[in-house]
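What follows is one structure encoded as structure tokens, with my remarks underneath.
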Amino acid sequence: MFAASRPVRRAAPVPEREEVSPVLGLALGGGGARGLCHIGVVRVLEELRIAPDVVSGTSMGGLIGAFIAAGYTADQMADIATDLRWSKLIDWSPISGRLVNTKGLERWMAELLPPTFEELELPLVLTATDLNQGRIHYTQHGDLIQALRATTAYPGVLEPVRVGSALLVDGGLLNQTPVDGALFLGAHRVLAVNATPLSRLDHPEDDAGAPRKRLRMGAARELLRAVDVMQSQLTLARLSFYQPDVLLDPLISGMEISDFHKAKQAIRAGEDEARAHLADLRTLTGQRRGAAEAAPSEADESAAGPSAPGG
């Protein structure tokens, strides 16, 4: 288990001018091991001295988002991702039929992160999917570890999380790249990072599903490819409604959602994608978007109100 001390809380910079800077939101998408690409993006943002004010995340993007909101730097997160023996978190249970030891995951998160949202340095919202209601569930208060368990609870791999009448699983089923979450937290400009292929779904050899094309697809691989297709199309639809100011879509060739041993590859892909869009990233500190775009409508199902576990 990788041991790391929690970072020292950074002092807020003193503004030199009276004008108010736009609130910058960072929306991080899910994608399993591919989601480690977010660390590379953050590394470039640090070099540009661009810091998010609010963070929203789904699945692996939610986990990375929690580390960002807790004050970890890109180098610290990269050390954790590359030094951690991810196999320690994997435990096949013949009784539950699940692949991941939930208790081990909880202990690992509790060692490195504060127990509640309120103890984070930055506002954070995490998405999950309520299987009972068939809708998106947002959490921004209360038990952080429980909310992280929910947003990362990939069906069949991690146990669903019960919160009241809700049965919560991975948020990526309905909201893979949660731009709306950043807007709800008051972001005027949003940088979104997608870790699931968005384009050329009819050419799997060109995207992150390349190994599935080279190998004869069995039932498991067909299912994973189908999930990629479903999530990509749903993400495109949601991004057309909640449009980020900048969208990064790192190319992470030949990497599956479970390939955590390829962490360095994912991080490098995120860094390369960010460096290819330096001009776009620099615009994020410019004039803020209009108030009409500042938050999703309360009437929208996906913005029915971020709720904390237990109320």
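The values are calculated or read from the model by the stated rules, or taken from the named source; none is laboratory data. Source: prediction; values computed, not measured. So basically every Cβ, Gly included, is an ideal-geometry build from the backbone, and we count neighbours across all protein chains shown. For accessibility, only protein heavy atoms count, side chains too; no ligands or nucleic acids. Shrake-Rupley method; radii C 1.70, N 1.55, O 1.52, S 1.80 Å.
For Ala208, indicate whether it is at negative phi, modelled with pLDDT under 95, buried (at least 24 other Cβ atoms within 10 Å of the Cβ) and not in a helix (DSSP H, G or I).
Yes: the conditions hold for Ala208.
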Residues in region 163-198 that are among the aliphatic types (A, V, I, L, M), closer than 13 Å to Pro52 by Cβ and either open to solvent by 10 Å² or more (accessible area, probe 1.4 Å) or assigned to a loop (DSSP other than H, G, I, E, B) (or both) total 2
Pairing a residue in region 225-238 that is within 18 Å of Ser258 (Cβ to Cβ) with any residue that is assigned to a helix (DSSP H, G or I) and at pLDDT 70 or above, where Cβ atoms lie under 7 Å and the two sit 6 or more apart in sequence or on different chains, gives Gln231/Gly172
For region 19-40, give me the residue count where each residue is acidic (Asp, Glu) and at pLDDT 95 or above. 0
Does Glu16 meet the test of being open to solvent by 50 Å² or more (accessible area, probe 1.4 Å), modelled with pLDDT of 95 or more and not small (Gly, Ala, Ser)? no
Please work out if Ala128 is within 15 Å of the chain's Cα centre (by Cα) and aliphatic (A, V, I, L, M). yes
Glu111: of a type in the set (D, E, K, R), farther than 19 Å from Ser258 by Cα and assigned to a helix (DSSP H, G or I), yes or no? yes
In contact (Cβ under 8 Å) with a residue 24 or more places away in the chain, over 20 Å from Gly172 (Cβ atoms) and of a type in the set (Ser, Thr, Tyr) - does that describe any residue in region 65-73? yes
Take the residues in region 251-290 that are more than 20 Å from the chain's Cα centre (by Cα) and polar (S, T, N, Q), then tell me which one is surrounded by the most Cβ atoms within 10 Å (Cβ to Cβ). Thr285
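Look through region 56-107, keep the residues that are aromatic (Phe, Trp, Tyr) and modelled with pLDDT of 90 or more, and return whichever of them is surrounded by the most Cβ atoms within 10 Å (Cβ to Cβ).
This residue is Phe67.
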So which residues in region 122-160 are surrounded by 22 or more Cβ atoms within 10 Å (Cβ to Cβ) and of a type in the set (Val, Ile, Thr), if there are any at all? Val125, Thr127, Thr129, Ile136, Thr139, Thr151, Thr152
Given the structure, is Leu224 modelled with pLDDT of 70 or more, open to solvent by 30 Å² or more (accessible area, probe 1.4 Å) and either assigned to a helix (DSSP H, G or I) or in contact with a strand residue (DSSP E or B) (Cβ under 6 Å, 6 or more places away or on another chain) (or both)? no
